[in-house]
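Readers should treat all values here as calculations from the given coordinates under stated rules, not as data from a laboratory. As the structure is a computational prediction, the values presented were derived from the model and not from experiment. Quick reminder, even Gly has a Cβ in these numbers, built from the backbone with ideal geometry, and neighbours come from all protein chains shown.
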Amino acid sequence: MGYRRLVVPGRFQPPHEGHLHTIKHALSLADEVIIVIGSAQDSFSLKNPLTAGERYVLLEKLLRSRLGEEYCERIKIVPVADIAMNKVWVQYLKMLLPPFDGVVSGNQLVLMLFEDMGLAAIRPQLFNRAECSGTVIREKILKSDPSWVDCVPEEIRKDLEEMGFEERLRRLMIDG
């Protein structure tokens, strides 16, 4: 492992197999991984239907199931509210998080911002991005396409159902 600590940011709306793939990649590179639940202040919107707390619970359950209890030693999950200034976002993270060496992300803006700060910016091989992204999953739900479940880990599907995830999205679409 070449890095002490790497950041894996995402909105996790909902957590999906692509997120898990990225987190596993970060774990293969670093002693510790900080998962940043972004847009923590936003919920009950079409783009961010789940609360930060709901996303935290889903991620924790998924990671415990897939990676085992020992992940607790190497992963921290931190909800972080957005700021409206991309240029200073990494500085904002530096203020909120323990020291980190860089980021693992498929988002070009995120990679550029970390590079600009002289930090590692690692782009993992993306996992079936055309099908497994939060945007695609939410769009499929709104189109009543049942294939959305193919990208959402089985371990958290029941939890999403209990949270009323599909119904919440559909109701938000009425006013959206």
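Taking every alpha-carbon pair under 8 Å whose residues sit at least 6 apart, segment 1-80 reaches a relative contact order of 35 percent.
Counting only alpha carbon atoms, the long axis of helix 52-67 and the longest principal axis of the chain meet at about 70°.
Stretching N86 away from K61 to a fully extended chain increases their span by 5.9 nm, per 0.36 nm per residue minus the current alpha-carbon distance. Along the chain, the longest continuous region that contains none of the trypsin sites (Lys or Arg not before Pro) in a DSSP loop with at most 11 other C-beta atoms within 10 Å is 1-128. Taken one residue at a time, the phi angles of segment 38-44 give Karplus couplings (6.51, -1.76, 1.60, θ = phi - 60°) of x, 6, 4, 7, 9, 7, 6 Hz. Gly and Pro are set to x. Normalising the average separation of contacting C-alpha pairs (under 8 angstrom, six or more residues apart) by the number of residues puts the relative contact order of the chain at 27 percent.
Close amide H contacts of I77 (hydrogens built in the peptide plane, cut-off under 5 Å, sequence separation of 5 or more or a different chain): I35. The residue list S133, N107, V88 was ranked by how far each Cα lies along the charge dipole of the chain toward its positive end, using unit charges on Cβ atoms, and V88 comes out on top. With respect to the chain, whose longest principal axis is taken over its alpha-carbon atoms, helix 154-163 is tilted by about 60°. Gain on full extension, evaluated as 0.36 nm per residue between D145 and F44 minus their Cα-Cα distance, stands at 34.3 nm. When both segment 40-54 and segment 57-73 are represented by their alpha-carbon centers, they are found 21 Å apart.
Against the chain, whose longest principal axis is taken from its Cα atoms, helix 17-29 shows a tilt of about 10°. Ordering A120, I156, Q13 by Cα displacement along the dipole of segment 3-175 toward the positive end leaves A120 in first place; charges were set at the Cβ atoms of Lys, Arg (+1) and Asp, Glu (-1).
Using the rule -39500 (n - 2.57) for each DSSP H run of four or more residues, divided by the residues of the chain, the 222 nm mean residue ellipticity is -13000 deg cm²/dmol. For the residue pairs K47/K94; K24/K76; K24/K143; K47/K140, the alpha carbons lie more than 21 Å apart in K47/K94; K24/K143.
Taking the chain as a whole, the Cys residues whose C-beta sits 4.7 Å or farther from every other Cys C-beta are C72.
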